[in-house]
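Worksheet for the structure shown next.
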Amino acid sequence: MTVRAKPGSGRAAARRAELDRLYPSWQPHSIPSRFAQAACANPDSPLIISETGSFSYAQMDARSRRLASGLVACGVKAGDHVALIMANYAEFVAAKLAILRAGAVTIPVNFYLRGDELSYVLSQSDATVLIAMDRYRGHDYLADFDSFAPGWHEGAAAKLPILRHAFAFSPTGELRSGVRSLDDLEACATPASDAELAARAAHIGAGDVCDILYTSGTTGRPKGVLLTHDMILRAAYASVYTRAFEDGWRIAHALPMYHVFGYIECLIAVMFVGGCVIPQAIFNAEGLVDSAERHRATDLIALPTMTVQLLDVVRKRGFASDSLVAVFNSGGVNRPQIWSEIRELFRPCELATAYGMTETTASTVCTLPEGDDSHLQTSNGRLKPAGAAGDPAIGGYTAIYKTIDPETGADLPVGATGEMVARGPVITRGYYKKPEETAALFTADGWLKTGDVGRIDAEGYLSLTGRIKETYRCGGEMVIPREIEELMDRHPRVAQALAVGVPDPKMGEIGCLCIVPKPGDRPDPAELLALCAEKLARFKVPRLVLFFEANEIPVTATGRPQKLRLAAIARERLERRA
């Protein structure tokens, strides 16, 4: 790409025209093939500017090839599953590309999972190789593996019987003795594995499953969403086209790259324009602002909970950069004044928000850079124009939506509120080894049931109004109440436990435990929260406890708790208490 349009929302059309010139038609590729083209065109440009240094396309190309050859030498076959537990280090990018280059399927694991949660994903995903960081934010993953799968590092774990190899990365460089490192994985490569790797490249199909991303579901156990190379590339390019990326687009963010937001809309997207990501491994608002300034970020992407903290930092110290074009703030609940504050403090030309889910590969609706700011306040965006990546059969989009009556399944008219359903080439085919959940995911005529309630106006703007599902999002992460409730059910002083999400200005939503204690034996709220903190990932840990009498829990005619009504009661009690 040679033309760099002058920043400004008025120039978005010119930037899209340049993308149309570069990508006049959609050519199916695998992710390794798409990356190889980007590396050939931009060998010396940075792909990732991490906290430990800058790595060019050529450097990442070479490193990922060596790691991929090592995987092949270790016996990894096309279609094998490789689990990757890694924060936003350069090693994540190298390992991710290596797994895909070997023709294997990546299992990017949420690194906030602990103990049984982590064990379940590694087992249910049929991972044959594990690549993990040794510790993160004080948590020792190797000790965690020792506790539930002794012998994991030797490929001899009874609880993970098909795990053959394990390798670890230590950000401090002090890896535990006896555990093989990524350097050891590279050293496994041989001329024969190099030749086999080269031969495999031609056989990795655009329609092959390449990622299984685990997302929580209403059953209380994580579900592995099946994504293909083509789905990911189409979704990434739709983001590039909708927000009109230009040559060398630089994205500063702290979004975990195990998630579709950080992986697809940041890392994969920039490859289409020879751009780079500037990720943080651990979110720190002041550090991210400094990084965006120092590395001349074009784009700043954050969840609303992060954006609030970024604004607090800039309010105190200012923001000194003339390179920032856009701020993309999405993935949670926003306070109404946040958009004017972003404009005032960051002075970007363009603002955006969006909506999507793992099952739609990434966001599928988004506000436009040239759009009116009122859409940021009143909607989650409109269908993404996708350029060459769009499907002509559905108007050139990667996904389309409609609303249906959640009871009857009947289509609703424009502007009516109902359950959002979607279809298109970026919609998952289902969940790994979960046929019942997969069947329940779709309507009889094949539309994906999102579980979200909303409406679509005459201009095509989608506005969410609630959820049919009982889940809620804390800091952008989906929380399944049943996981918390099952833990509380085992407590000797608890007769009934229900978890609901309640609004929070910083986290979007936080968990509130609604407890019916056993007669005359009320538990200590601090004790209940401490138990959750010990057993659950941090974002799943409730922050509040309310006590109820059994007859105060609203129920249906069949005696099932009415979670939406209970959440409303909890909010009222908390407001009175405040």
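The values are calculated or read from the model by the stated rules, or taken from the named source; none is laboratory data. These numbers come from a predicted model, not from an experiment. Ideal geometry is used to build each Cβ from the backbone, glycine not excepted, and the neighbour counts take in all protein chains shown.
General remarks:
- Out of 113, 163, 84, 97, one residue alone is surrounded by 19 or more Cβ atoms within 10 Å (Cβ to Cβ) and assigned to a helix (DSSP H, G or I). It is 97.
- Qualifying residue in the range 30-40 (condition: modelled with pLDDT under 95, hydroxyl-bearing (Ser, Thr, Tyr) and over 15 Å from residue 270 (Cβ atoms)): no
- Candidates 211, 194 - the one that is among the acidic types (Asp, Glu) and either within 28 Å of the chain's Cα centre (by Cα) or closer than 28 Å to residue 226 by Cα (or both): 211
- Of the candidates 292, 297, the single residue that is modelled with pLDDT of 95 or more and part of a loop (DSSP other than H, G, I, E, B) is 297.
- Among the candidates 345, 368, 376, 351, residue that is part of a strand (DSSP E or B) and more than 23 Å from residue 224 (Cα to Cα): 351
- Residue 438 being at pLDDT 95 or above, closer than 30 Å to residue 475 by Cβ and surrounded by fewer than 18 Cβ atoms within 10 Å (Cβ to Cβ): yes
- Residue ID - nearest to residue 401 (Cα to Cα), chosen from residues in the range 335-358 that are buried (at least 19 other Cβ atoms within 10 Å of the Cβ) and of a type in the set (S, T, N, Q): 358
- Here residue 489 passes the criteria (1) without any contact (Cβ under 8 Å) to a residue 40 or more places away in the chain; (2) surrounded by 14 or more Cβ atoms within 10 Å (Cβ to Cβ) except the one numbered (2).
- Reported count of residues in the range 42-84, each being among the acidic types (Asp, Glu), touching a strand residue (DSSP E or B) at 6+ places or on another chain (Cβ under 8 Å) and farther than 26 Å from residue 227 by Cβ, is 1.
- Elements of the type strands (runs of 3 or more DSSP E) sitting completely within the range 423-520 and holding at least 2 residues that are assigned by TED's automatic domain parsing to the domain that holds residue 330 and more than 23 Å from the chain's Cα centre (by Cα): these cover 448-456.
- Within the range 335-353, considering residues that are in contact (Cβ under 8 Å) with a residue 40 or more places away in the chain and touching a strand residue (DSSP E or B) at 6+ places or on another chain (Cβ under 9 Å), the one nearest to residue 448 (Cα to Cα): 352
- Filter pass, residue 158 being without any contact (Cβ under 8 Å) to a residue 40 or more places away in the chain, buried (at least 18 other Cβ atoms within 10 Å of the Cβ) and farther than 29 Å from residue 283 by Cα: no
- Filtered residues of the range 41-57 (kept if of a type in the set (Val, Ile, Thr) and either at positive phi or at pLDDT 95 or above (or both)): 48, 49
- Residue match in the range 398-416 (condition: within 23 Å of residue 15 (Cα to Cα) and in contact (Cβ under 8 Å) with a residue 60 or more places away in the chain): yes
- When we screen 248, 262, 318, 331 for residues that are surrounded by fewer than 24 Cβ atoms within 10 Å (Cβ to Cβ) and closer than 16 Å to residue 356 by Cβ, the only hit is 262.
- Test for residue 523: is it crowded, with 17+ Cβ neighbours inside 10 Å and assigned to a loop (DSSP other than H, G, I, E, B): yes
- Matching option when the condition is crowded, with 22+ Cβ neighbours inside 10 Å, over 18 Å from residue 454 (Cβ atoms) and modelled with pLDDT of 95 or more, among 367, 361: 361
- Flag for residue 575 being acidic (Asp, Glu), within 24 Å of residue 137 (Cβ to Cβ) and either surrounded by fewer than 14 Cβ atoms within 10 Å (Cβ to Cβ) or touching a residue at least 40 places away in the same chain (Cβ under 8 Å) (or both): no
- Wholly enclosed helices (runs of 4 or more DSSP H) of the range 182-266 bearing at least 3 residues free of Cβ contacts under 8 Å to residues at least 12 places away in the same chain: 191-201
- Among the residues of the range 10-26, those that are surrounded by fewer than 18 Cβ atoms within 10 Å (Cβ to Cβ) and at pLDDT below 95 comprise 10, 13, 14.
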